[in-house]
Amino acid sequence: MTETTYQTTPVSARSPMTAGLAATAAAVAIWAVATAAGADLTVSFGSGQPIQKVTVVNVVVAALVGSLAGWGLLALLRRFTTNARAVWTVIAIVFALFSLGGPLSTISSTGTKVALVAMHLAVATVVIVVLRRTRGR
């Protein structure tokens, strides 16, 4: 009779924090480049809706919330499934693609849409790559 032993390693908080901070830094860098290049970075979510400026605070909050949501989902999946990393990756990619609907559906300039899509993709890429490397089931 053979016995299989699984060794679990606690997830270091350092990697998820690194993912969140790196994703936020990437989004802020894109925001800074777009702003320096003269992009207006204002959006409206429909005719008759107010025009809103995309500020660095908006970028930081959105990136951190998205990163924390990804981290939380991965931690939850690790508790309830043995295939957490694969399941989480599929969900993360689907949500990343789904999130592009926000910037693409706004009433804004092409430059603003490009910058917002780049920020979404940068955050998603960093979070997915870094969190996939964290230890756990």
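The values are calculated or read from the model by the stated rules, or taken from the named source; none is laboratory data. Computed from a predicted model, the values in this text were never measured in an experiment. Here the Cβ is made from the backbone with ideal geometry for all residues, glycine too, and neighbour counts use every protein chain on show. These accessible areas exclude ligands, DNA and RNA; they are computed on the full protein's heavy atoms, side chains included. Shrake-Rupley method; radii C 1.70, N 1.55, O 1.52, S 1.80 Å.
Which residues, taken from the range 95-106, are closer than 24 Å to Q49 by Cβ and surrounded by 14 or more Cβ atoms within 10 Å (Cβ to Cβ)?
Kept after step one, since they are closer than 24 Å to Q49 by Cβ, are these residues of the range 95-106: 98-106.
Scanning the range 95-106 gives S99, L100, G102, P103, T106.
For the range 35-67, give me each residue that is of a type in the set (A, V, I, L, M, F, W, C), in a helix (DSSP H, G or I) and within 29 Å of T89 (Cα to Cα). Outline the logic, then answer.
As a first pass, look at the range 35-67 and keep what is of a type in the set (A, V, I, L, M, F, W, C): 36-37, 39, 41, 43, 45, 51, 54, 56-57, 59-65.
Filter once more, so that each one left must be in a helix (DSSP H, G or I): 36, 56-57, 59-65.
Listed by number, the residues that qualify are V56, V57, V59, V60, V61, A62, A63, L64, V65.
Just one of V130, V126 is closer than 23 Å to A37 by Cβ, β-branched (V, I, T), touching a helix residue (DSSP H, G or I) at 6+ places or on another chain (Cβ under 7 Å) and crowded, with 20+ Cβ neighbours inside 10 Å; which is it? Give the derivation first.
On the way: V130 fails: closer than 23 Å to A37 by Cβ.
Matching residue, one of V130, V126: V126.
When the residues of the range 39-60 are filtered to those that are in contact with a helix residue (DSSP H, G or I) (Cβ under 8 Å, 6 or more places away or on another chain) and open to solvent by less than 80 Å² (accessible area, probe 1.4 Å), which remaining residue is modelled with the lowest pLDDT?
Taking the range 39-60 as the starting set, the residues that turn out to be in contact with a helix residue (DSSP H, G or I) (Cβ under 8 Å, 6 or more places away or on another chain) are 39-43, 45, 54, 56, 59-60.
Then drop every residue that is not open to solvent by less than 80 Å² (accessible area, probe 1.4 Å), which leaves 39, 41-43, 54, 56, 59-60.
Numbers: A39: 87, L41: 92, T42: 91, V43: 91, V54: 94, V56: 96, V59: 97, V60: 97.
Once the filter is applied, the top-ranked residue is A39.
On the given criteria, is A92 open to solvent by less than 50 Å² (accessible area, probe 1.4 Å), of a type outside the set (D, E) and modelled with pLDDT of 95 or more?
Values: open to solvent by less than 50 Å² (accessible area, probe 1.4 Å): yes; of a type outside the set (D, E): yes; modelled with pLDDT of 95 or more: yes.
When the stated conditions are applied, A92 passes them.
Return yes or no: is S15 outside any loop (DSSP other than H, G, I, E, B), at pLDDT below 90 and closer than 16 Å to V127 by Cβ?
Details: outside any loop (DSSP other than H, G, I, E, B): yes; at pLDDT below 90: yes; closer than 16 Å to V127 by Cβ: yes.
Considered against the rule, which asks whether it is outside any loop (DSSP other than H, G, I, E, B), at pLDDT below 90 and closer than 16 Å to V127 by Cβ, S15 comes out as yes.
With within 26 Å of A25 (Cβ to Cβ) and of a type in the set (F, W, Y) as the only criterion, which of F80, F45, F98 stands out? Don't jump to the end; show me each part of the working.
Numbers: F80 fails: within 26 Å of A25 (Cβ to Cβ); F45 fails: within 26 Å of A25 (Cβ to Cβ).
Only one candidate qualifies: F98.
Can you tell me which residues in the range 70-86 are open to solvent by 60 Å² or more (accessible area, probe 1.4 Å) and among the aliphatic types (A, V, I, L, M)? I'd like the intermediate steps shown before the answer.
Within the range 70-86, the first condition is being open to solvent by 60 Å² or more (accessible area, probe 1.4 Å), and the residues that meet it are 71, 76, 79-80, 82-83, 85.
Answer for the range 70-86, where residues must be open to solvent by 60 Å² or more (accessible area, probe 1.4 Å) and among the aliphatic types (A, V, I, L, M): just L76.
How many residues does the range 75-113 contain that are of a type in the set (A, V, I, L, M, F, W, C), in contact (Cβ under 8 Å) with a residue 40 or more places away in the chain and in a helix (DSSP H, G or I)? I'd like the intermediate steps shown before the answer.
If we filter the range 75-113 for residues that are of a type in the set (A, V, I, L, M, F, W, C), which is where we start, we get 75-77, 80, 84, 86-88, 90-98, 100, 104, 107.
Next, from what is left, pick out any that are in contact (Cβ under 8 Å) with a residue 40 or more places away in the chain: 75, 84, 88, 107.
After this cut, where a residue has to be in a helix (DSSP H, G or I) as well, the list is 75, 84, 88.
The qualifying residues number 3.
Quick test of your reading of the structure: A34 fulfils all but one of (1) closer than 16 Å to K113 by Cβ; (2) within 13 Å of the chain's Cα centre (by Cα); (3) open to solvent by less than 60 Å² (accessible area, probe 1.4 Å); (4) not β-branched (V, I, T). Name the failing condition by number.
For A34, the failing item is (2).
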